[in-house]
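First comes the structure, then the notes that go with it.
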Amino acid sequence: MRKFLVLVVAVFAFLPLTACGDSGGGAPAVTVQVANMSYSPASVTIEKGQTVEWIFDDNGLPHDVVEDTGAFESELLTEGSFTHTFTEAGTFSYHCTPHPMMVGTVVVEG
Ligand SMILES: [Cu+2]
């Protein structure tokens, strides 16, 4: 009985960690800053089902996040954020419409 209690306590102690690591559909797994005319980091790697959040903060300069083949697309934004949940593995390249030199990549591992 005592062993059982210890096990229960151990399981509950790890629950918050588990919830943190598995961010499918919930909190973003990674954030990308859209500032200084660039995406930072320009390349991120996530697991299938995880969410990426782009945070726009470039002193009023409007940017967007447009996947090269149209898989996802944000509005032009000067502030706030855009999130996308990746349900398929693959490499997704994106760019900024007004600034085509701004490019980034999301690698989604299966
Ligand atoms: Cu831009």
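The values are calculated or read from the model by the stated rules, or taken from the named source; none is laboratory data. None of these values were measured; they are calculated from a predicted model. For neighbour counting, all protein chains shown are included, and Cβ atoms are generated from backbone atoms with ideal geometry for every residue, glycine included.
Hand me the list of strands (runs of 3 or more DSSP E) wholly inside the range 26-91 holding 2 or more residues that are under 19 Å from Val103 (Cβ atoms) and within 13 Å of the ligand (Cβ to nearest atom). Give the derivation first.
Numbers: elements: 30-35, 38-40, 43-47, 51-56, 81-85.
Fully inside the range 26-91 and qualifying: 30-35, 38-40, 51-56.
Look at the range 94-110 and say how many of its residues are closer than 20 Å to Asn36 by Cα and surrounded by fewer than 16 Cβ atoms within 10 Å (Cβ to Cβ). Spell out how you get there, then give the answer.
So the first thing to find is which residues in the range 94-110 are closer than 20 Å to Asn36 by Cα, and the list is 94-106.
In the following step, the residues that additionally are surrounded by fewer than 16 Cβ atoms within 10 Å (Cβ to Cβ) were identified as 97-101, 103, 105.
Residues that pass the stated criteria total 7.
Tell me whether the range 93-104 contains one or more residues that are touching a residue at least 12 places away in the same chain (Cβ under 8 Å), within 18 Å of Ala27 (Cα to Cα) and of a type outside the set (Val, Ile, Thr).
No, the range 93-104 has no match at all.
For Gly24, only one of the following conditions fails: (1) modelled with pLDDT under 95; (2) farther than 18 Å from Phe72 by Cα. What is its number?
So Gly24 meets the others, but not (2).
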